[in-house]
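Data first, discussion second: the structure below is written as structure tokens.
The values are calculated or read from the model by the stated rules, or taken from the named source; none is laboratory data. Keep in mind the model is a prediction, meaning the values are calculated, not measured. Cβ: placed from backbone, ideal geometry, glycine included. Neighbour counts: every protein chain shown.
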Amino acid sequence: MLGKVKIWMVGLALVAIAGVAVAAGPGYGFRGSVNCPFGYNQLNLTPEQKTKLSELQEKNWKDTISLRNEMQTKRLELRTLWTASNPDKDKILSKQKELNELRNKLQVKSTDFRLEARKVLSPEQAAQAGTFGPGMGFGGGMGRHRMWRQGPGGGPCGGGFGPGAGF
């Protein structure tokens, strides 16, 4: 009986989180400003480059939303497994494996996105962007509370997607 209550609570929490996420829309910096913080003003992006990079970001965001939502669900399920009075090692390891497989899929998509974004830049811009270091370039990565989010340090002029490794 107690297990069913926990499942219902996790389900309700997921619905609440999804509702808030949908209502909030894209996170901080999704469509950054023309002033391009965090080094992008140093790249001297053309208006066409900014537009193309924004389009690539939006496509990547839409292409990975179901994957990111599934990862969040697996994280919550894993957290629930850990809160059991007698945690089941096999169930925890299985859930961790599922989460790692999703993380690997997201990493591949992030790499594909960054490589596509690089094609928009001139060779000089790409070389310069490569010097920004982790968290700069078309990265983004882990935000507060260890949740994947868009954040300063990615995208052509603001938030980006991915693990924060830049190009």
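Would you be able to tell me the number of residues in the stretch 61-83 that are touching a residue at least 40 places away in the same chain (Cβ under 8 Å) and over 30 Å from residue 45 (Cβ atoms)?
The number of residues fulfilling the criteria is 8.
Does any residue of the stretch 105-114 turn out to be over 22 Å from residue 60 (Cα atoms), part of a helix (DSSP H, G or I) and at pLDDT below 95? Among the residues of the stretch 105-114, not one is over 22 Å from residue 60 (Cα atoms), part of a helix (DSSP H, G or I) and at pLDDT below 95, which makes the answer no. Annotation: residue 131 fulfils all but one of (1) of a type outside the set (A, V, I, L, M, F, W, C); (2) surrounded by 12 or more Cβ atoms within 10 Å (Cβ to Cβ); (3) modelled with pLDDT of 85 or more; the unmet one is (3). Out of all the residues in the stretch 23-38, is one or more of a type in the set (A, V, I, L, M), assigned to a helix (DSSP H, G or I) and either surrounded by 10 or more Cβ atoms within 10 Å (Cβ to Cβ) or modelled with pLDDT of 95 or more (or both)? No, because not a single residue in the stretch 23-38 is of a type in the set (A, V, I, L, M), assigned to a helix (DSSP H, G or I) and either surrounded by 10 or more Cβ atoms within 10 Å (Cβ to Cβ) or modelled with pLDDT of 95 or more (or both).
State whether one or more residues within the stretch 64-83 are in contact with a strand residue (DSSP E or B) (Cβ under 7 Å, 6 or more places away or on another chain) and modelled with pLDDT of 85 or more. Checked against the condition, which is being in contact with a strand residue (DSSP E or B) (Cβ under 7 Å, 6 or more places away or on another chain) and modelled with pLDDT of 85 or more, the stretch 64-83 yields at least one hit.
The conditions of being of a type in the set (Ser, Thr, Tyr) and farther than 26 Å from residue 116 by Cα are not met by residue 64. One residue stands out in the stretch 87-113 among those that are among the aliphatic types (A, V, I, L, M) and without any contact (Cβ under 8 Å) to a residue 40 or more places away in the chain: the one that is surrounded by the fewest Cβ atoms within 10 Å (Cβ to Cβ), namely 108.
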